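Here the structure comes first, spelled out in structure tokens, and everything after it is commentary.
The values are calculated or read from the model by the stated rules, or taken from the named source; none is laboratory data. Every value quoted in this text rests on a predicted model; they were computed, and no experiment measured them. Cβ sites come from the backbone with ideal geometry, for glycine too, and all protein chains shown count toward neighbours.
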Amino acid sequence: MSSILDDIKFQYKIGGIANKLIYWNVGIFLLSIPFFYQFTQGFFDYPTWLAVSSTPQIVLTRPWTLFTYAFLHSGPLHLFFNMMVLHFASRLFLTFFTQKQYFGLYVLSAIFSGFVFVVAFYFLGRAGILVGASAAIIAILVATTTYQPLMDIRLPLIGYVRLWHITGVTLVLYLLQIGLNNTGGHIAHFSGAFFGYIYIRMLQSGTDLSKPVNVVVDFFSNLFGPQKTTPFKKVHVNPKKPAVNKQSTIVVKDKSQQQLDEILDKISQSGYDSLTSEEKEFLFKAGK
């Protein structure tokens, strides 16, 4: 059991922001089960201080819900399919853009889609709440498609298709269902798709909308993160050590670094599961 937990911790540490977002979504879903799942009725009952309410007055008093709703899910299947698409879209997006741009797009598209949901339901005269990461995920997928629509994607049992084909089919399926069920969710999906398109077009014109988000993140990271301190340095003169000791230290460091590079190359080529238990242990110790 401890080995599994160590692997999870290490994957979280080295996985990057996309991997962390998946961990956050799954972790929050598991935590929400004992608090918000109605076992007698078989569904989640999220409060309006976490989910986005369609009532504007509630959202105005709880604006953080425009962000928190994007980490809540209505059930295991909802979570599973969202995380599958998030993993797929993230790998494509991060091929061309930075992790900060990725996180900024995720946050801004979620906020924008939640806002559109509230406005749309207000004018439609309908009531409800919105949960799920779908809007932000679709924004990432559409943003990548806008930037590289002719990118070839290999699908199992189908072969190679263009990226815009996948995105187009996904949006058409949402469009066909918009009046049948989950109307609020589909409104959020198209809002996220629109924001993803606008984000890339503005980025190509020289405006990165994700910068304000990352400025805020960096500010709080520096405010609440561990403070870097300069250790006290005592100045004294030591007798010169034999050259052999210094050379020996350098050799040991180079050998360890070489072993680490070889393991990381192996992960990039064959995946983390291809490592031996000794290599995993070495990586875990090196991560500490």
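The figures follow:
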| read-out | value |
| --- | --- |
| Qualifying residues in region 36-53 (those that are surrounded by 12 or more Cβ atoms within 10 Å (Cβ to Cβ) and touching a strand residue (DSSP E or B) at 6+ places or on another chain (Cβ under 7 Å)) - the one farthest from TRP24 (Cα to Cα) | SER53 |
| All helices (runs of 4 or more DSSP H) inside region 99-218 with 3 or more residues being in the same structural domain as ILE14 (by TED's automatic domain parsing) and of a type in the set (Phe, Trp, Tyr) | 99-124, 183-204 |
| Counted residues, region 162-187 - those being of a type in the set (Phe, Trp, Tyr) and at pLDDT 90 or above | 1 |
| Number of positions in region 82-96 that are of a type in the set (Ser, Thr, Tyr) and either outside any helix (DSSP H, G or I) or crowded, with 20+ Cβ neighbours inside 10 Å (or both) | 1 |
| Among the candidates LEU66, LEU60, LEU124, LEU79, residue that is in contact with a His (Cβ under 6 Å, 6 or more places away or on another chain) and surrounded by fewer than 21 Cβ atoms within 10 Å (Cβ to Cβ) | LEU79 |
| Any hit, region 269-278, residues being surrounded by 10 or more Cβ atoms within 10 Å (Cβ to Cβ), acidic (Asp, Glu) and either touching a Ser or Thr at 6+ places or on another chain (Cβ under 7 Å) or modelled with pLDDT of 65 or more (or both) | no |
| Count of residues meeting criterion [part of a loop (DSSP other than H, G, I, E, B) and either polar (S, T, N, Q) or not assigned by TED's automatic domain parsing to the domain that holds GLY114 (or both)] in region 35-74 | 6 |
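Condition check ((1) surrounded by fewer than 17 Cβ atoms within 10 Å (Cβ to Cβ); (2) of a type outside the set (Val, Ile, Thr); (3) farther than 19 Å from LEU92 by Cα; (4) touching a Leu at 6+ places or on another chain (Cβ under 8 Å)) across all residues:
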{"position": "VAL161", "(1), (2), (3), (4)": "yes, no, no, yes"}
{"position": "GLY168", "(1), (2), (3), (4)": "yes, yes, no, no"}
{"position": "TYR174", "(1), (2), (3), (4)": "no, yes, yes, no"}
{"position": "ILE187", "(1), (2), (3), (4)": "no, no, yes, no"}
{"position": "SER191", "(1), (2), (3), (4)": "no, yes, yes, no"}
{"position": "ILE200", "(1), (2), (3), (4)": "no, no, no, no"}
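Residue by residue, here is whether (1) within 22 Å of ILE166 (Cβ to Cβ); (2) modelled with pLDDT under 90 holds:
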residue	(1), (2)
ILE4	no, yes
LEU21	yes, no
PHE29	no, no
SER32	no, no
ASP45	no, no
HIS87	yes, no
LEU94	yes, no
